[in-house]
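Any read-out appearing in this document is the output of simple, stated calculations on the displayed coordinates, not a laboratory observation. For clarity, every value in this text was computed on a predicted model and none was experimentally measured. Heads up, the Cβs are rebuilt from the backbone with ideal geometry, glycines too, and the neighbour counts pull from every protein chain shown.
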Amino acid sequence: MTMEIYNSTKREIPEKLLEKALLLVLKHEGYSPESIIGVYCGNKMIQRINREFLDHDYPTDTITFRYNKGSDVDGEFYISLDVVKENAVKFNVDFQEELLRVTLHSALHLIGYDDQSVEDRAAMQEKEAFFLKYYHSMISG
């Protein structure tokens with residue numbers, strides 16, 4: 001089992017707490033990390049990945065790749081800290097809270113949740129809200 005978090009920016013992020021959030025989602029949903037790499041980057045990197053792999057020429061909050069099936073998760077995700085910052089301002093939430101939400105969102109993608117349809121997006125947002133609340137109760141309690 002390996003889980004690696006990389007930060008390619010100068011912005012400080014709470015890597016250990018983000019790792020705990022990822023593990024919380026995986027374990028609660030019946031999964032475990034085989035090999036997960038999380039890269040926290042800027043808009044330039046995520047836009048290049050988005051263009052290269054998804055044919056979208058714009059930055060996005062997260063891009064997730066799952067390489068296997070089953071309960072042991074092998075995958076990677078990229079999160080743009082620039083988009084997280086923009087969304088925190090847009091939604092009037094703390095940067096750390098938005099970073100946590102997007103990290104939970106990435107974990108949900110790793111275990112198979114999708115957000116392409118309106119129904120799927122609503123289900124995913126419900127899961128995000130559940131895990132945000134659950135995470136905060138675990139950390140504070």
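Could you tell me whether the range 1-49 comes out rounded, prolate or oblate from its Cα gyration tensor? Rule is a ≥ b ≥ c as square roots of the eigenvalues, rounded for a/c under 1.5, then prolate if a/b exceeds b/c, otherwise oblate. The shape class here is prolate.
The ranking of Phe130, Phe53 by Cβ neighbour count inside 10 Å, starting from the fewest, reads Phe53, Phe130.
Figure legend: label point modelled 7 angstrom from the Cα of Leu17 along Cα→Cβ; residues of the range 84-124 with amide N under 14 Å from it are 94-104.
Relative to the Cα centre, the charge distribution of the range 2-140, modelled as +1 at Lys and Arg Cβ and -1 at Asp and Glu Cβ, gives a dipole magnitude of about 300 debye.
Relative to one another, the C-alpha centroids of the range 26-70 and the range 80-141 are positioned 14 Å apart. Summary of packing: across the peptides 60-71, 39-50, the per-residue average of other C-beta atoms within 10 Å ranks them, highest first, as 39-50, 60-71. When the chain is treated as a Gaussian network with alpha carbon springs shorter than 10 Å, the biggest mean-square fluctuation among Val118, Val102, Val25 belongs to Val118. Springs between Cα atoms under 10 Å define the GNM used for the chain, and in it the highest mean-square fluctuation of Ala122, Ala21, Ala107 occurs at Ala122. Span-like helix check, the chain: qualifying full DSSP H segments, with Cα axial length of 24 Å or more and mean Kyte-Doolittle of -1.0 or more, are 118-140.
Give me the base-10 log of I(q)/I(0) for the range 2-140 at each q in 0.12, 0.19, 0.20 Å⁻¹, Debye formula, one uniform scatterer per Cα, rounded to two decimals. Here the Debye-derived log intensity ratios amount to -0.44, -1.20, -1.35. Along the positive direction of the dipole of the range 43-128 (beta-carbon charges: Lys, Arg +1; Asp, Glu -1; about the Cα centre), which of Leu104, Tyr78, Asn68 reaches farthest? After comparing all options, I get Tyr78.
Calculated mean residue ellipticity at 222 nm for the chain: -17500 deg cm²/dmol, from DSSP H runs with n ≥ 4 weighted as -39500 (n - 2.57), summed, divided by the residue count and rounded to 500.
In this label model, Thr60 and Met3 are separated by 2.3 nm, measuring between points 7 Å along each Cα→Cβ vector. Of Ser35, Ser117, Ser80, the residue with the greatest mean-square motion in the GNM of the chain, using alpha carbon springs below 10 Å, is Ser117.
When the pairs Lys10/Lys44; Lys10/Lys69; Lys44/Lys127; Lys27/Lys90; Lys16/Lys133; Lys16/Lys69 are compared against a 23 Å limit on Cα-Cα distance, Lys10/Lys69; Lys44/Lys127; Lys27/Lys90; Lys16/Lys69 fall above it.
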